[in-house]
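Everything on this sheet refers to the single structure shown next.
The values are calculated or read from the model by the stated rules, or taken from the named source; none is laboratory data. Since the structure is predicted, the reported quantities are computational estimates derived from the model, not experimental observations. Neighbour counts are summed over all protein chains in view; Cβ atoms, including those assigned to glycine, are modelled from backbone coordinates with ideal geometry.
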Amino acid sequence: MILIIAYGNPLREDDGAGLALAYKLDAALRHPGLVTRRIETQQLLPELAADIASDQTQAVVFADARVALSPDEQVTVTSLTSSRAASPSLGHHLDPEALLTYAGALYYRTIPPAWLVTVPGWRFGFGETLSAQTQDAISIALNDPESQLQWLVADLHRLHGMP
């Protein structure tokens, strides 16, 4: 199973972009014999470590928004690891790598391969609509065969023995 963990606030415009992308990524990954599970949350919580450490989880994809620093930014994909110099704290903010570390440490498991997919966002005010730029970035990521997201989809299909 591929676990997709999407986080962000859909009531803060582009902050909900990770949730929107995860929905479409879930559909793009659908293939006979390939199981996906999508979890949507406003922030990463330690309880998600159990889902990551599940015997069924073969790969994890985190989806989130990030503040765009230029007008032409696109969706990016970063490979993650749980190895950290310092142990994660139970502070206010939990990042994907800390969550992977929890999964490995609390459940005595080797964590599955994991990636962070971030969507550029330009507007973070109150509202439920994604900006046109963010919608365009998601569309390009899903439709451009050379996008980082399409490479990830292909890698995940190969990981599960699919063409």
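Quick one: would you say residue 104 is at pLDDT below 95 and assigned to a helix (DSSP H, G or I)? Yes, satisfied. Just to be sure before I move on: is residue 70 exposed (fewer than 14 other Cβ atoms within 10 Å of the Cβ), among the hydroxyl-bearing types (Ser, Thr, Tyr) and in a loop (DSSP other than H, G, I, E, B) in the structure I sent? When the stated conditions are applied, residue 70 passes them.
Could you say which residue among 14, 51, 26 is assigned to a helix (DSSP H, G or I), farther than 29 Å from residue 125 by Cα, touching a strand residue (DSSP E or B) at 6+ places or on another chain (Cβ under 8 Å) and not polar (S, T, N, Q)? Unique residue meeting the criteria: 51. Scanning the stretch 137-163 for residues that are part of a loop (DSSP other than H, G, I, E, B) and within 21 Å of residue 80 (Cβ to Cβ) returns 147, 160. Looking at the stretch 18-29, is at least one residue out of contact with any helix residue (DSSP H, G or I) (no Cβ under 9 Å at 6 or more places or on another chain), surrounded by fewer than 19 Cβ atoms within 10 Å (Cβ to Cβ), under 24 Å from residue 148 (Cβ atoms) and not small (Gly, Ala, Ser)? Yes: one or more hits. The combined condition, being in contact with a strand residue (DSSP E or B) (Cβ under 8 Å, 6 or more places away or on another chain), under 30 Å from residue 98 (Cβ atoms) and modelled with pLDDT under 95, is fulfilled by residue 156.
Residue-by-condition table, conditions (1) touching a residue at least 60 places away in the same chain (Cβ under 8 Å); (2) within 24 Å of residue 128 (Cβ to Cβ); (3) not acidic (Asp, Glu):
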| residue | (1), (2), (3) |
| --- | --- |
| 27 | no, yes, yes |
| 40 | no, yes, no |
| 58 | yes, no, yes |
| 70 | no, no, yes |
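Scanning the stretch 110-134 for residues that are farther than 30 Å from residue 56 by Cα and touching a residue at least 12 places away in the same chain (Cβ under 8 Å) yields a count of 14.
Scanning the stretch 105-121 for residues that are out of contact with any strand residue (DSSP E or B) (no Cβ under 7 Å at 6 or more places or on another chain) and crowded, with 17+ Cβ neighbours inside 10 Å returns a single hit, 111. Against the criterion of being surrounded by 15 or more Cβ atoms within 10 Å (Cβ to Cβ), among the hydroxyl-bearing types (Ser, Thr, Tyr) and in a helix (DSSP H, G or I), residue 134 qualifies.
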